[in-house]
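Data block below; observations after.
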Amino acid sequence: MIISKAMVIACLLICIIIGSLTACAITGRKKNRTKSAANPLNQNSLIGKKTPDFNFIDSDNNPTTLYAFTGTKRAIIFYPKDGSPFCTQQLCSIRDNKALLEQNNIMAIGISPDSQKNHDKFKEAKNLPFTLVSDPDKKIAQLYHITTGWLGLQRVTVLIDENNIVTHVIDNVKVTDHAQQIIDGFKAK
């Protein structure tokens, strides 16, 4: 079998593209991200606006809504998958800094496409003291313009103040220091 230069170049380009996409999925970063008003998937367009309300099941398996927590700052943490290495680091950062978040009147809510059964197992295995919301059809993610693709849900945290106003969007998540990013995001308000 004879391999042409064109085939070698094509294979190299495919490897580079796949490698870039994988790196973006792992870090939660996107290359060449545009943040313009023309971009309909721009989370920053939500800043200063009232957050959409949504229904979910809380940590005690009771139905509730986001607006039921009016009066409390909320960090809505969108992440790709329960149990993946970077998602685990990110959510454990929140767990390990629970007291600091509570001192700042901040409530964390994690959202991913995983099933509620999977969330419950993950919460128990990692002793996560906050609600994980199942969004299998990604309707909640769409409310916040969170993009999805074959690599999963985009890693983004939306900060909502006591009056249900989006104050900040963290789209460059530092998984091992995410709790501090959340606190700093609310202070930057």
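Odds and ends about this structure:
- Any hit, the range 116-131, residues being under 12 Å from the mean Cα position of the chain (by Cα) and of a type in the set (A, V, I, L, M, F, W, C): no
- Meets criteria (at pLDDT 95 or above and either outside any loop (DSSP other than H, G, I, E, B) or loosely packed, with under 14 Cβ neighbours inside 10 Å (or both)) for Thr167: yes
- Members of the range 54-113 that are of a type in the set (A, V, I, L, M), touching a residue at least 12 places away in the same chain (Cβ under 8 Å) and not in a strand (DSSP E or B): Leu66, Leu91, Ile94, Leu100, Leu101
- Pairing residues of the range 126-143 that are without any contact (Cβ under 8 Å) to a residue 24 or more places away in the chain with residues that are in a strand (DSSP E or B) and surrounded by fewer than 18 Cβ atoms within 10 Å (Cβ to Cβ), at Cβ distances under 9 Å and at least 6 apart in sequence or on separate chains, gives Gln142/Thr148.
The values are calculated or read from the model by the stated rules, or taken from the named source; none is laboratory data. Computed from a prediction, not measured in an experiment: that's the story for all the values here. Cβ: placed from backbone, ideal geometry, glycine included. Neighbour counts: every protein chain shown.
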